[in-house]
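What follows is a short report on a single structure.
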Number of protein chains: 2
Amino acid sequence: MADRLGDNRPGTNLNKNNPHITGDNNAMIKDLIAKNRSYRRFFQEVPIERRTLEELVDLARLSPSGANLQPLKYILSCDPQRNALIFPHLAWAGYLKDWPGPLEGERPSAYIIILADTQIRQSVNCDHGIAAQSILLGATEKGLGGCIIASVQKQQLQEALNVPFRYEILLVLALGKPKEKVVIETVGPSGDIKYWRDAQGTHHVPKRPLDDIIIA
Amino acid sequence: MADRLGDNRPGTNLNKNNPHITGDNNAMIKDLIAKNRSYRRFFQEVPIERRTLEELVDLARLSPSGANLQPLKYILSCDPQRNALIFPHLAWAGYLKDWPGPLEGERPSAYIIILADTQIRQSVNCDHGIAAQSILLGATEKGLGGCIIASVQKQQLQEALNVPFRYEILLVLALGKPKEKVVIETVGPSGDIKYWRDAQGTHHVPKRPLDDIIIA
(Lines give C-alpha, C1' and ligand atoms only; values in the text may rest on other atoms or scores of the structure.)
Protein backbone atom coordinates (compact mmCIF):
# COMPACT_ATOMS: atom_id res chain seq x y z
CA MET A 1 0.00 0.00 0.00
CA ALA A 2 1.49 3.28 -1.04
CA ASP A 3 1.41 6.10 1.50
CA ARG A 4 1.62 9.35 -0.36
CA LEU A 5 4.07 11.85 1.02
CA GLY A 6 2.59 13.65 4.00
CA ASP A 7 -0.24 11.17 4.55
CA ASN A 8 1.44 9.26 7.35
CA ARG A 9 1.24 11.51 10.34
CA PRO A 10 -0.75 14.70 10.77
CA GLY A 11 1.34 17.76 11.52
CA THR A 12 1.28 18.46 15.23
CA ASN A 13 2.06 21.90 16.54
CA LEU A 14 3.22 21.27 20.08
CA ASN A 15 4.72 24.70 20.42
CA LYS A 16 1.89 27.13 19.76
CA ASN A 17 2.91 29.31 22.66
CA ASN A 18 6.64 28.97 22.33
CA PRO A 19 8.15 32.34 21.44
CA HIS A 20 11.32 30.64 20.22
CA ILE A 21 9.62 29.21 17.17
CA THR A 22 10.11 31.35 14.10
CA GLY A 23 7.79 31.09 11.17
CA ASP A 24 4.24 29.93 11.25
CA ASN A 25 4.70 26.29 10.38
CA ASN A 26 6.13 23.88 12.89
CA ALA A 27 6.07 21.16 10.28
CA MET A 28 8.26 22.98 7.77
CA ILE A 29 11.32 20.80 8.28
CA LYS A 30 9.12 17.71 8.05
CA ASP A 31 7.80 18.97 4.75
CA LEU A 32 11.30 19.55 3.40
CA ILE A 33 12.50 16.18 4.63
CA ALA A 34 9.51 14.46 3.04
CA LYS A 35 10.22 16.20 -0.28
CA ASN A 36 13.92 15.35 -0.10
CA ARG A 37 13.66 11.96 -1.80
CA SER A 38 16.61 10.49 -3.69
CA TYR A 39 16.20 11.55 -7.31
CA ARG A 40 18.11 9.97 -10.17
CA ARG A 41 16.60 11.56 -13.27
CA PHE A 42 16.70 15.26 -13.95
CA PHE A 43 15.89 17.96 -16.45
CA GLN A 44 19.54 18.14 -17.42
CA GLU A 45 19.00 21.26 -19.55
CA VAL A 46 18.17 23.25 -16.39
CA PRO A 47 21.55 24.55 -15.24
CA ILE A 48 22.63 25.14 -11.67
CA GLU A 49 24.88 28.08 -11.07
CA ARG A 50 28.12 27.73 -9.18
CA ARG A 51 26.83 30.41 -6.80
CA THR A 52 23.97 28.08 -5.86
CA LEU A 53 26.40 25.25 -5.11
CA GLU A 54 28.44 27.59 -2.94
CA GLU A 55 25.33 28.50 -0.97
CA LEU A 56 24.62 24.82 -0.41
CA VAL A 57 28.17 24.13 0.75
CA ASP A 58 27.80 27.07 3.13
CA LEU A 59 24.95 25.17 4.79
CA ALA A 60 27.30 22.24 5.33
CA ARG A 61 30.00 24.60 6.58
CA LEU A 62 27.66 25.77 9.35
CA SER A 63 26.57 22.24 10.30
CA PRO A 64 27.99 20.21 13.19
CA SER A 65 31.41 18.59 12.90
CA GLY A 66 32.96 16.13 15.34
CA ALA A 67 35.35 17.98 17.67
CA ASN A 68 34.71 20.93 15.35
CA LEU A 69 37.65 19.67 13.29
CA GLN A 70 35.82 20.37 10.01
CA PRO A 71 37.83 17.92 7.88
CA LEU A 72 35.49 18.07 4.89
CA LYS A 73 36.43 19.71 1.60
CA TYR A 74 34.28 20.19 -1.48
CA ILE A 75 34.68 20.07 -5.25
CA LEU A 76 31.93 21.76 -7.28
CA SER A 77 30.91 20.92 -10.81
CA CYS A 78 28.18 22.61 -12.82
CA ASP A 79 29.47 22.76 -16.38
CA PRO A 80 28.96 19.99 -18.92
CA GLN A 81 32.65 19.33 -19.42
CA ARG A 82 33.47 18.68 -15.81
CA ASN A 83 30.18 16.86 -15.23
CA ALA A 84 31.11 14.48 -18.03
CA LEU A 85 34.36 13.64 -16.22
CA ILE A 86 32.42 12.68 -13.08
CA PHE A 87 29.42 10.77 -14.42
CA PRO A 88 31.26 7.68 -15.73
CA HIS A 89 32.53 6.86 -12.23
CA LEU A 90 29.14 6.70 -10.51
CA ALA A 91 26.88 3.70 -9.98
CA TRP A 92 23.12 4.20 -9.75
CA ALA A 93 20.20 2.44 -8.08
CA GLY A 94 21.61 -1.00 -7.41
CA TYR A 95 18.18 -2.61 -7.03
CA LEU A 96 17.01 -1.51 -10.49
CA LYS A 97 18.80 -4.30 -12.28
CA ASP A 98 17.73 -3.28 -15.78
CA TRP A 99 18.52 0.39 -15.38
CA PRO A 100 22.16 1.45 -15.75
CA GLY A 101 21.54 5.04 -14.77
CA PRO A 102 20.14 8.24 -16.23
CA LEU A 103 20.47 8.74 -19.97
CA GLU A 104 21.98 11.80 -21.57
CA GLY A 105 19.44 14.58 -21.11
CA GLU A 106 18.35 13.22 -17.73
CA ARG A 107 21.69 13.36 -15.96
CA PRO A 108 22.56 15.68 -13.08
CA SER A 109 23.13 19.35 -13.84
CA ALA A 110 25.68 19.58 -11.07
CA TYR A 111 27.69 17.65 -8.53
CA ILE A 112 29.10 18.43 -5.11
CA ILE A 113 31.90 16.03 -4.21
CA ILE A 114 32.55 15.65 -0.49
CA LEU A 115 36.13 14.81 0.42
CA ALA A 116 38.05 14.27 3.64
CA ASP A 117 41.22 16.26 4.18
CA THR A 118 43.37 13.51 5.65
CA GLN A 119 45.81 16.08 7.00
CA ILE A 120 43.04 17.24 9.35
CA ARG A 121 41.53 13.90 10.27
CA GLN A 122 42.01 10.34 9.06
CA SER A 123 38.39 9.26 9.53
CA VAL A 124 35.42 11.58 9.66
CA ASN A 125 32.85 9.51 11.62
CA CYS A 126 29.50 10.94 10.54
CA ASP A 127 30.48 14.45 9.40
CA HIS A 128 29.81 13.65 5.74
CA GLY A 129 26.27 12.47 6.47
CA ILE A 130 25.52 15.64 8.40
CA ALA A 131 26.93 17.75 5.57
CA ALA A 132 25.16 15.80 2.83
CA GLN A 133 21.77 16.14 4.49
CA SER A 134 22.21 19.89 5.04
CA ILE A 135 23.13 20.31 1.38
CA LEU A 136 20.23 18.23 0.13
CA LEU A 137 17.68 20.00 2.32
CA GLY A 138 18.97 23.31 0.99
CA ALA A 139 18.68 21.99 -2.55
CA THR A 140 15.12 20.83 -1.86
CA GLU A 141 14.19 24.27 -0.58
CA LYS A 142 15.40 25.71 -3.89
CA GLY A 143 13.16 23.35 -5.85
CA LEU A 144 16.06 21.07 -6.75
CA GLY A 145 16.77 17.52 -5.70
CA GLY A 146 19.49 14.94 -5.76
CA CYS A 147 21.01 11.74 -4.58
CA ILE A 148 23.82 10.88 -2.19
CA ILE A 149 26.09 8.49 -4.07
CA ALA A 150 28.56 6.33 -2.17
CA SER A 151 29.07 3.82 -5.02
CA VAL A 152 31.87 5.73 -6.65
CA GLN A 153 34.98 4.54 -8.47
CA LYS A 154 37.04 6.65 -6.15
CA GLN A 155 40.48 6.08 -7.58
CA GLN A 156 39.39 6.70 -11.15
CA LEU A 157 37.44 9.82 -10.20
CA GLN A 158 40.42 11.08 -8.20
CA GLU A 159 42.57 10.72 -11.31
CA ALA A 160 39.98 12.19 -13.68
CA LEU A 161 39.77 15.38 -11.60
CA ASN A 162 43.44 15.51 -10.57
CA VAL A 163 42.56 15.47 -6.91
CA PRO A 164 45.66 15.50 -4.68
CA PHE A 165 46.09 12.34 -2.60
CA ARG A 166 45.78 14.37 0.55
CA TYR A 167 42.01 14.44 -0.10
CA GLU A 168 39.93 11.28 0.01
CA ILE A 169 36.66 11.15 -1.91
CA LEU A 170 33.80 10.21 0.44
CA LEU A 171 30.55 10.94 -1.42
CA VAL A 172 29.27 12.44 -4.64
CA LEU A 173 26.05 14.44 -4.40
CA ALA A 174 24.22 14.49 -7.71
CA LEU A 175 21.97 17.55 -8.13
CA GLY A 176 19.42 18.84 -10.61
CA LYS A 177 15.77 19.65 -11.15
CA PRO A 178 14.07 16.28 -10.56
CA LYS A 179 12.32 14.61 -13.47
CA GLU A 180 10.75 11.70 -11.67
CA LYS A 181 8.06 11.06 -9.08
CA VAL A 182 9.05 9.29 -5.89
CA VAL A 183 6.62 7.95 -3.31
CA ILE A 184 7.17 6.52 0.16
CA GLU A 185 5.58 3.25 1.23
CA THR A 186 5.58 1.31 4.44
CA VAL A 187 7.71 -1.84 4.40
CA GLY A 188 5.41 -4.84 4.13
CA PRO A 189 5.42 -8.11 6.07
CA SER A 190 8.22 -9.51 3.91
CA GLY A 191 10.51 -6.81 5.26
CA ASP A 192 11.71 -5.99 1.76
CA ILE A 193 13.28 -2.53 1.61
CA LYS A 194 14.30 -2.60 -2.04
CA TYR A 195 12.98 0.39 -3.94
CA TRP A 196 11.23 -0.31 -7.24
CA ARG A 197 9.86 1.47 -10.27
CA ASP A 198 6.32 0.89 -11.54
CA ALA A 199 5.04 0.76 -15.11
CA GLN A 200 4.44 4.53 -15.07
CA GLY A 201 8.02 5.15 -14.01
CA THR A 202 7.14 6.24 -10.47
CA HIS A 203 9.84 5.27 -8.00
CA HIS A 204 8.59 3.55 -4.82
CA VAL A 205 10.66 3.57 -1.63
CA PRO A 206 9.67 1.27 1.27
CA LYS A 207 10.43 2.77 4.66
CA ARG A 208 10.38 0.86 7.94
CA PRO A 209 7.51 1.90 10.25
CA LEU A 210 8.34 4.04 13.27
CA ASP A 211 7.42 1.27 15.72
CA ASP A 212 10.03 -1.00 14.14
CA ILE A 213 12.90 1.43 14.48
CA ILE A 214 12.25 2.67 18.01
CA ILE A 215 13.42 -0.25 20.14
CA ALA A 216 13.06 1.31 23.60
CA MET B 1 36.58 38.75 15.20
CA ALA B 2 33.21 37.28 16.03
CA ASP B 3 30.67 37.00 13.24
CA ARG B 4 27.22 36.95 14.76
CA LEU B 5 24.89 34.32 13.42
CA GLY B 6 23.39 35.44 10.15
CA ASP B 7 25.86 38.25 9.58
CA ASN B 8 28.11 36.35 7.23
CA ARG B 9 26.16 36.16 4.03
CA PRO B 10 23.03 38.09 3.07
CA GLY B 11 20.04 35.90 2.29
CA THR B 12 19.70 35.51 -1.45
CA ASN B 13 16.39 34.53 -2.93
CA LEU B 14 17.29 33.02 -6.28
CA ASN B 15 13.91 31.41 -6.71
CA LYS B 16 11.36 34.21 -6.55
CA ASN B 17 9.49 32.82 -9.50
CA ASN B 18 9.92 29.15 -8.79
CA PRO B 19 6.54 27.59 -8.09
CA HIS B 20 8.20 24.63 -6.42
CA ILE B 21 9.31 26.68 -3.47
CA THR B 22 6.88 26.44 -0.57
CA GLY B 23 6.78 29.10 2.07
CA ASP B 24 7.89 32.65 1.64
CA ASN B 25 11.46 32.38 2.85
CA ASN B 26 14.08 30.72 0.72
CA ALA B 27 16.55 31.12 3.56
CA MET B 28 14.49 29.14 6.08
CA ILE B 29 16.75 26.11 6.10
CA LYS B 30 19.77 28.38 6.40
CA ASP B 31 18.17 30.02 9.41
CA LEU B 32 17.49 26.64 11.04
CA ILE B 33 20.99 25.43 10.30
CA ALA B 34 22.50 28.61 11.73
CA LYS B 35 20.42 28.20 14.90
CA ASN B 36 21.33 24.52 15.21
CA ARG B 37 24.49 25.03 17.21
CA SER B 38 25.81 22.34 19.55
CA TYR B 39 24.36 23.10 22.98
CA ARG B 40 25.66 21.53 26.17
CA ARG B 41 23.72 23.31 28.89
CA PHE B 42 19.99 23.18 29.20
CA PHE B 43 17.01 24.20 31.31
CA GLN B 44 16.78 20.69 32.65
CA GLU B 45 13.44 21.35 34.36
CA VAL B 46 11.79 21.79 30.95
CA PRO B 47 10.66 18.30 30.02
CA ILE B 48 10.48 16.84 26.55
CA GLU B 49 7.63 14.47 25.86
CA ARG B 50 8.22 11.06 24.39
CA ARG B 51 5.81 12.03 21.64
CA THR B 52 8.18 14.81 20.65
CA LEU B 53 11.12 12.41 20.46
CA GLU B 54 9.03 10.09 18.28
CA GLU B 55 8.31 12.96 15.90
CA LEU B 56 12.01 13.69 15.67
CA VAL B 57 12.87 10.06 14.96
CA ASP B 58 10.19 10.11 12.25
CA LEU B 59 12.22 12.81 10.52
CA ALA B 60 15.22 10.50 10.54
CA ARG B 61 13.04 7.63 9.34
CA LEU B 62 12.13 9.64 6.23
CA SER B 63 15.73 10.69 5.55
CA PRO B 64 18.07 9.03 3.05
CA SER B 65 19.70 5.72 3.86
CA GLY B 66 22.43 3.97 1.88
CA ALA B 67 20.88 1.31 -0.38
CA ASN B 68 17.69 2.12 1.56
CA LEU B 69 18.74 -0.56 4.03
CA GLN B 70 17.69 1.57 7.01
CA PRO B 71 19.91 -0.15 9.58
CA LEU B 72 19.42 2.50 12.26
CA LYS B 73 17.47 1.87 15.45
CA TYR B 74 16.64 4.32 18.22
CA ILE B 75 16.35 4.32 22.00
CA LEU B 76 14.43 7.21 23.54
CA SER B 77 14.87 8.62 27.01
CA CYS B 78 12.95 11.51 28.53
CA ASP B 79 12.44 10.59 32.17
CA PRO B 80 14.92 11.42 34.93
CA GLN B 81 15.56 7.81 35.88
CA ARG B 82 16.60 6.65 32.44
CA ASN B 83 18.42 9.90 31.73
CA ALA B 84 20.51 9.31 34.84
CA LEU B 85 21.58 5.91 33.47
CA ILE B 86 22.84 7.53 30.28
CA PHE B 87 24.56 10.71 31.47
CA PRO B 88 27.52 9.09 33.28
CA HIS B 89 28.72 7.49 30.04
CA LEU B 90 29.02 10.66 28.00
CA ALA B 91 32.04 12.94 27.54
CA TRP B 92 31.52 16.63 26.88
CA ALA B 93 33.40 19.41 25.11
CA GLY B 94 36.91 18.02 24.95
CA TYR B 95 38.49 21.43 24.37
CA LEU B 96 37.03 22.93 27.56
CA LYS B 97 39.63 21.41 29.83
CA ASP B 98 38.24 22.82 33.05
CA TRP B 99 34.64 21.89 32.36
CA PRO B 100 33.59 18.29 32.99
CA GLY B 101 30.10 18.72 31.58
CA PRO B 102 26.75 20.19 32.54
CA LEU B 103 25.88 20.25 36.23
CA GLU B 104 22.67 18.82 37.66
CA GLY B 105 19.93 21.23 36.64
CA GLU B 106 21.62 21.99 33.33
CA ARG B 107 21.72 18.49 31.93
CA PRO B 108 19.73 17.28 28.92
CA SER B 109 16.00 16.71 29.33
CA ALA B 110 16.10 13.88 26.86
CA TYR B 111 18.32 11.66 24.76
CA ILE B 112 17.93 9.89 21.44
CA ILE B 113 20.45 7.06 21.10
CA ILE B 114 21.22 6.04 17.53
CA LEU B 115 22.21 2.40 17.10
CA ALA B 116 23.11 0.16 14.17
CA ASP B 117 21.21 -3.09 13.77
CA THR B 118 24.14 -5.31 12.82
CA GLN B 119 21.75 -7.94 11.47
CA ILE B 120 20.81 -5.47 8.75
CA ARG B 121 24.22 -3.99 8.01
CA GLN B 122 27.63 -4.24 9.63
CA SER B 123 28.71 -0.68 8.90
CA VAL B 124 26.38 2.21 8.22
CA ASN B 125 28.61 4.61 6.23
CA CYS B 126 27.04 8.03 6.79
CA ASP B 127 23.44 7.09 7.65
CA HIS B 128 23.83 8.16 11.28
CA GLY B 129 25.04 11.63 10.32
CA ILE B 130 22.08 12.09 8.00
CA ALA B 131 19.70 10.94 10.73
CA ALA B 132 21.32 13.03 13.45
CA GLN B 133 21.12 16.22 11.41
CA SER B 134 17.46 15.64 10.52
CA ILE B 135 16.66 15.09 14.20
CA LEU B 136 18.56 18.15 15.35
CA LEU B 137 17.00 20.42 12.73
CA GLY B 138 13.58 19.19 13.84
CA ALA B 139 14.51 19.88 17.45
CA THR B 140 15.70 23.38 16.50
CA GLU B 141 12.40 24.09 14.79
CA LYS B 142 10.64 23.18 18.04
CA GLY B 143 12.73 25.69 20.00
CA LEU B 144 14.96 22.95 21.41
CA GLY B 145 18.61 22.21 20.81
CA GLY B 146 21.20 19.59 21.44
CA CYS B 147 24.53 18.01 20.77
CA ILE B 148 25.69 15.00 18.80
CA ILE B 149 27.89 13.00 21.14
CA ALA B 150 30.28 10.40 19.74
CA SER B 151 32.46 10.25 22.86
CA VAL B 152 30.42 7.58 24.57
CA GLN B 153 31.46 4.73 26.83
CA LYS B 154 29.62 2.38 24.53
CA GLN B 155 30.08 -0.88 26.36
CA GLN B 156 29.07 0.56 29.72
CA LEU B 157 26.05 2.31 28.25
CA GLN B 158 25.05 -0.87 26.44
CA GLU B 159 25.10 -2.69 29.79
CA ALA B 160 23.36 0.10 31.72
CA LEU B 161 20.41 0.02 29.29
CA ASN B 162 20.43 -3.75 28.65
CA VAL B 163 20.85 -3.25 24.95
CA PRO B 164 21.09 -6.55 23.07
CA PHE B 165 24.46 -7.15 21.40
CA ARG B 166 22.75 -7.19 18.03
CA TYR B 167 22.58 -3.38 18.26
CA GLU B 168 25.72 -1.26 18.28
CA ILE B 169 25.60 2.20 19.84
CA LEU B 170 26.75 4.83 17.32
CA LEU B 171 25.79 8.22 18.74
CA VAL B 172 23.94 9.80 21.62
CA LEU B 173 21.93 12.93 20.83
CA ALA B 174 21.51 15.10 23.91
CA LEU B 175 18.39 17.29 23.77
CA GLY B 176 16.82 20.06 25.81
CA LYS B 177 15.90 23.72 25.88
CA PRO B 178 19.29 25.43 25.47
CA LYS B 179 20.61 27.51 28.34
CA GLU B 180 23.69 28.96 26.69
CA LYS B 181 24.55 31.37 23.91
CA VAL B 182 26.66 30.10 21.04
CA VAL B 183 28.23 32.29 18.37
CA ILE B 184 30.05 31.40 15.17
CA GLU B 185 33.37 32.96 14.27
CA THR B 186 35.65 32.66 11.29
CA VAL B 187 38.81 30.63 11.88
CA GLY B 188 41.74 33.01 12.21
CA PRO B 189 45.19 32.87 10.63
CA SER B 190 46.39 30.35 13.24
CA GLY B 191 43.89 27.86 11.85
CA ASP B 192 42.70 27.03 15.35
CA ILE B 193 39.26 25.40 15.30
CA LYS B 194 38.96 24.78 19.02
CA TYR B 195 35.77 26.21 20.47
CA TRP B 196 36.11 28.31 23.61
CA ARG B 197 34.01 29.95 26.27
CA ASP B 198 34.38 33.61 27.19
CA ALA B 199 34.12 35.27 30.59
CA GLN B 200 30.38 35.76 30.12
CA GLY B 201 29.92 32.08 29.39
CA THR B 202 29.20 32.55 25.69
CA HIS B 203 30.47 29.63 23.62
CA HIS B 204 32.48 30.57 20.52
CA VAL B 205 32.84 28.20 17.59
CA PRO B 206 35.42 28.94 14.87
CA LYS B 207 34.30 27.80 11.42
CA ARG B 208 36.56 27.55 8.36
CA PRO B 209 35.70 30.12 5.69
CA LEU B 210 33.92 28.96 2.57
CA ASP B 211 36.90 29.67 0.33
CA ASP B 212 39.05 27.31 2.40
CA ILE B 213 36.72 24.35 2.12
CA ILE B 214 35.84 24.60 -1.57
CA ILE B 215 38.98 23.28 -3.23
CA ALA B 216 37.80 23.25 -6.85
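The values are calculated or read from the model by the stated rules, or taken from the named source; none is laboratory data. Small disclaimer: the values here were computed from a predicted structure and weren't measured. All Cβ positions, even for glycine, are placed from backbone atoms using ideal geometry, and neighbour counts span all protein chains on display. Just so you know, the surface numbers come from the protein's heavy atoms only, side chains and all, with ligands and any DNA or RNA stripped out. Shrake-Rupley method; radii C 1.70, N 1.55, O 1.52, S 1.80 Å.
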For the pairing of chain A with chain B, what total accessible surface becomes buried, with a 1.4 angstrom probe, in square angstrom to the nearest 100? 6900
Can you list the copy-to-copy distances for A:E159, using a point 7 angstrom from Cα toward Cβ, in nanometres, shortest first? 5.1
Measure up A:K207/B:K142; A:K154/A:K194; B:K97/B:K194 against 20 Å on the Cα-Cα distance and list the ones that go over. A:K207/B:K142; A:K154/A:K194
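Within 10 Å of each Cβ of B:50-59, how many other protein chain Cβ atoms are there on average?
Partner Cβ neighbours, averaged per residue: 4.
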Can you give me the long-range amide H partners of B:A110? Hydrogens built in the peptide plane at 1.01 Å from N, cutoff under 5 Å, separation of 5 or more residues or another chain. B:L175
Chain A: relative contact order from alpha carbon pairs under 8 Å, six or more residues apart, as a whole percent, is 27
Rounded accessible area per residue of the stretch B:74-130, 1.4 Å, Å²: 43
For chain B, the dipole about the Cα centre with charges only on Cβ (Lys and Arg +1, Asp and Glu -1), to the nearest 20 debye, works out at 20
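Using the Cα centre of the protein assembly as shown as the reference point, and only Cβ charges (+1 on K/R, -1 on D/E), how large is the resulting charge dipole? Debye, rounded to the nearest 20. If you can, show how the numbers build up before the last one.
Working: 52 positive and 48 negative charges, 10 e Å.
Using Cβ point charges on Lys, Arg, Asp and Glu, the protein assembly as shown gives about 40 debye.
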Non-local amide H neighbours of A:L171 (under 5 Å, H modeled in plane, Pro and chain starts lacking H): which ones? A:I114
What order, most packed first, do the peptides B:59-69, A:204-214 have when packing is the mean number of other Cβ atoms within 10 Å of each residue? B:59-69, A:204-214
Take the rotation relating chain B to chain A, measure from its axis to every Cβ in chain B, and name the nearest residue with the distance in whole Å. B:G129, 1
Inter-copy distances for A:A199, label 7 Å out on the Cα-Cβ vector, sorted ascending, nm, one decimal, are 7.6
Give me a single rounded figure for B:199-212: the average over its residues of other chain Cβ atoms within 10 Å of their Cβ. 3
For the protein assembly as shown, the Cα-Cα pair-distance distribution in 10 Å bins from 0, as whole percents, is 4, 22, 33, 27, 11, 2, 0
Protection proxy ranking, peptides A:127-134, B:118-125, B:167-174, average beta carbon neighbours within 10 Å, highest first: A:127-134, B:167-174, B:118-125
What dipole magnitude, in Debye to the nearest 20, does the stretch A:51-163 give about its Cα centre under +1 on Lys/Arg Cβ and -1 on Asp/Glu Cβ? 180
Kirkwood Rh, chain B, all Cα pairs: how many Å? 18.9
Grab the DSSP H runs of chain A that are 4 residues or longer, score each as -39,500 (n - 2.57), total them, divide by all residues and round the 222 nm result to the nearest 500 deg cm²/dmol. -7000 deg cm²/dmol
Counting only other chains, and only Cβ atoms inside 10 Å, what mean value do you get across the residues of A:160-172? 1
Calculated label separations, B:G105, copies of the chain, 7 Å along the beta-carbon direction, nm: 6.9
In whole percent, how big is the carbon plus sulfur part of the accessible area of the stretch B:103-216, probe 1.4 Å, protein atoms only? 47
Can you tell me, using C-alpha contacts under 8 Å and at least 6 residues apart, the relative contact order of the stretch B:116-216 as a whole percent? 23
At q = 0.21, 0.26 Å⁻¹, what log₁₀ I(q)/I(0) does the stretch B:66-144 have when each alpha carbon counts as one equal point scatterer in the Debye sum? -1.13, -1.24
